[in-house]
């Protein structure tokens, strides 16, 4: 490994898989640094960055402090915390960790759907409160047996969710900007039309400016009073105040949410609603899958360090052989 490729800037924790994978690198962490500006000023020569915990913005102001930066390897399939367009202008390749978390997130989406439709967390709370001794839990007003699901997004995770829903005997349609002709599922070019046609929406699209608040009051209104919204994408994709208003007014029946706009803060109105199931952004949160994600983060850096193309660059910053 060339000497000038042996240093790495780390934003986020140095978890065991990362520590092992980066054993031959001098890892410079920004965590627990008293003078961040001084630390960055000393790292202008660094050519690689790993982002192990999306949180703080990775933007052009940071890139300007790191003029030799060539690669950013980020943990997670979403990368809206990184200004990929600015990275592209500076010739920086950004990678993420898709694929290895697909099945885990799809499992979580189906689990959240079942919990929301059949009120399973509410029923458990009912039992723990000792209320079963007095009377049976009320029949759930919703079931999967007569529902149809519209998937907002049909990438790897969307396809994995669709496969699971098919095995449940649940009809599936989808909305994307571009139809995928190889798929047998019906495609809706307009989200509002799909919301009118189904009673359940599962949202699994990337975050960012293009998808911000795409699930707005008009979509929720179209979904209707029997409607259920499941969000395993990004909190920013749903207009949170509009969702709260729709739930309060019973314009939709229920929601199941794994993501929120200002995580880990969750609006008090959602916390007090009985027709909402809430999870703390744990879509991929198993030891097995998170270690796979960490390893892919490492492997992208190792490929670059060996002069090979990174494994999973994002579309905005494709690897160019002249680097």
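No lab work stands behind these numbers, since they all come straight from the coordinates. Remember, predicted model here, so these are calculated numbers, not experimental data. Note: ideal-geometry Cβ built from the backbone for every residue, glycine included; neighbour counts use all protein chains shown.
Laid out as a table, the results:
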{"read-out": "Folded to 0 to 90 degrees: helix 102-118 orientation relative to the chain principal axis, Cα", "value": "20"}
{"read-out": "Rounded to 10°, Cα long-axis angle of helix 287-305 versus longest principal axis of the chain", "value": "30"}
{"read-out": "Exposure proxy ranking, count of Cβ atoms within 10 Å, fewest first, for 126, 174, 137, 188", "value": "137, 126, 188, 174"}
{"read-out": "Centre separation in Å (Cα based) which lies between the range 10-37 and the range 209-252", "value": "38"}
{"read-out": "Cα-based equivalent ellipsoid of the range 71-193: semi-axis lengths in Å, sorted from largest, via gyration tensor", "value": "37, 21, 12"}
{"read-out": "Sorted by Cβ density within 10 Å, fewest first, the residues 253, 273", "value": "273, 253"}
{"read-out": "Calculated FRET value between residue 249 and residue 319, using beta carbons and R₀ = 45 Å, to 0.05", "value": "0.35"}
{"read-out": "Beta bridge orientation in the chain: antiparallel %, DSSP, nearest 5", "value": "5"}
{"read-out": "Mean shadow area of the range 235-323 over all directions, Cα convex hull, nm²", "value": "8.2"}
{"read-out": "Value of Rg/Rh across the range 22-114 [Cα atoms, Kirkwood radius]", "value": "1.06"}
{"read-out": "Length released on extending from residue 272 to residue 125, taking residue separation times 0.36 nm less the Cα-Cα span", "value": "51.6 nm"}
{"read-out": "Mean projection area, nm², convex hull over Cα of the range 188-298", "value": "7.9"}
{"read-out": "Segment residue 180-residue 37, length gained on full extension (0.36 nm per residue, minus Cα span)", "value": "46.8 nm"}
{"read-out": "Taking N as its residue count, the alpha carbon Rg of the chain over 2.2 N^0.38 Å", "value": "1.11"}
{"read-out": "Per-residue Cβ neighbour rank within 10 angstrom, fewest leading, 147, 180", "value": "180, 147"}
{"read-out": "Semi-axis lengths, Å, the range 274-323, gyration tensor of Cα atoms, sqrt of 5 times eigenvalues", "value": "34, 15, 5"}
{"read-out": "Model label zone, residue 209; criterion: amide N under 11 Å from point 7 Å along Cα-to-beta-carbon; scope the range 56-88", "value": "84-86"}
{"read-out": "With eigenvalues of the C-alpha gyration tensor scaled by 5 and rooted, the range 102-278, Å", "value": "26, 19, 15"}
{"read-out": "Gained length - residue 28 relative to residue 167, 0.36 nm times residue gap less alpha-carbon distance", "value": "45.3 nm"}
